[in-house]
1. Mind listing the phi-derived Karplus ³J(HN,Hα) values for region 145-155, rounded to whole Hz, using 6.51, -1.76 and 1.60 with θ = phi - 60°, and x for any glycine or proline?
2. Apply the Karplus parameterisation 6.51 cos²θ - 1.76 cosθ + 1.60, with θ equal to phi minus 60°, to every residue of region 305-310 and state each ³J(HN,Hα) to the nearest whole Hz, in sequence, with x for glycine and proline.
3. Taking amide H positions as placed 1.01 Å from N in the peptide plane, with prolines and chain starts having none, which residues 5 or more places from K443, or on another chain, fall under 5 Å of its amide H?
4. Students often get this wrong, so check it: of K41/K304; K272/K300; K324/K374, which have C-alpha atoms separated by over 19 Å?
5. Return the FRET efficiency for the residue pair Y321, R240: r is the Cβ-Cβ distance, R0 is 60 Å, and the value is rounded to the nearest 0.05.
6. Fewest first, what order do Y321, Y160 take by the number of other Cβ atoms within 10 Å?
7. Spelling out what I want: for every residue of region 119-136, take phi, set θ = phi - 60°, compute 6.51 cos²θ - 1.76 cosθ + 1.60 (Karplus), and round to whole Hz; glycine and proline get x.
Amino acid sequence: MNRRDFLYGLNASLGSVAFTSMLAQSARAASGKQPHFPLAKAKHCIFLYMEGGPSHIDTFDPKAKLEELHLKEFNRSGEEQSAMSSGKRYYVKSPFEFRKAGQSGADMNKLWKKLAGVADDLCFYRGLQVESVNHPTANYHVNTGNRFGGDPAIGSWVNYGLGTENADLPGFVVLPELSHPQGGPSNWANGFLPTSYQATALRPKGSPLLDIHPPAGVTRAQQRRNLDFLAKLNERHAKRHPQHEELTARMRNYELAFRMQMQVPEIVNIDKETEQTKAMYGIGKEPTDNFARRCLLARKLVEKGVRFVQLYASTWDSHDYIAKAHASRIQNVDQPIAALIKDLKQRDMLDETLIVWMGEFGRTPDNGIRGGIKYGRDHNPEAMNVWMAGGGVKAGHTIGATDEIGAKAVEVVHPLRDLHVTLLKLLGLDDNKLTYLHAGRYKQLSQFGGNVIKELIA
């Protein structure tokens, strides 16, 4: 056996896989996998993804100018005319009332009743710009840094850079709704990173993971023997194909699944939570129950050491009837999100947990007439709203600004890659050092580097 085959062979048996996994966790400091910035506060991230593109103008960035421009023809030259004829585009004012929330005076749609109570924990950012107006490519861009998909998700990068704090749980967990976002599971794939860094998606209904409980009559000792026997069979195959990493990764997944059977059922069971906690999140009532359960599960996951948890809430794609559509979406998520922040705070976990709220783009200050007047907004990559909480962000501040009609970011303007770099920085990772050799070059989340948005960091 030559040196290469010997080294590959070390990974063939199940025991070796488990031992290698433990070594990887305990030797991160020696291997360069420890945080690049040891003083970073954030150890975990909960990413609240509002798929479909929430309107900044109708949530957290009100525009008084649109009141006087309402239903006047949208004309970039500045000439405004009545736009009541079919096919024209016209300015649309927000159908919502706004208020100043908290001591920080954060702008909020009045429907954010519960979130207003934690306004001073939030850092609003209005200077972000993205590059795509199509949902799948925009989703890929936000989640992976690449508009065309195929690259690792940001959660995979964080998992790769930091690893999980709990060897019995995955480092990256996704909590989707019943329907997947546009672009599908590629939004949380591992891309060219080893498969052990991919997300584990928990099902929104029924058992979060299929076969998480062993079949009736099968003991853990029997499962252990079955896995050991499977490892022997795979060892033979691995000796014939030592260059194939997929088999080793699959065996790691088998071993992780075996360990998860001990922890996941307890984590996903919310019955042991107090009635007060469940009521705070909005569990057991509509329209909050679905998202509330996932927010509570996110808290439990990070509490157990999961690095990156992503929750999806769709769809915010309100081309028409935005008053009804956005009102519905806000009422779905308002109470659960506010409860998540309060819950983390009362457990002294908010400082070490970075919460991110955003969609894939913002919305336009204008819309067209389609079959009558249906006030809505179209996709806008040049202006959007992001807010963050915990994890070392500048709480109680609004950073950046859009123009007077909300069409374009004009202050503290940054591309998406800079936000990615900033999120990594808050988690203790340097985008320029968090690289992986693929296709002949070292690749990174930002694609080709970016700048930290210093104004967002406390």
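Here, each number is a calculation from the coordinates, and none is a lab measurement. Keep in mind it's a predicted model, so treat the numbers as computed, not measured. Quick reminder, even Gly has a Cβ in these numbers, built from the backbone with ideal geometry, and neighbours come from all protein chains shown.
1. x, 10, 5, 9, x, x, 9, x, 5, 4, x
2. Here the 3J(HN,Hα) series is x, 5, 6, 9, 10, 10 Hz.
3. Placed amide hydrogens put Y436, L437, H438 under 5 Å from K443.
4. Cα-Cα > 19 Å for no pair; all within.
5. So, using R0 = 60 Å, E works out to roughly 0.50.
6. Y321, Y160
7. Each residue's phi maps through the Karplus curve to give 4, 6, 8, 9, 10, 8, 10, 10, x, 7, 10, 10, 10, 10, 10, 9, 4, x Hz.
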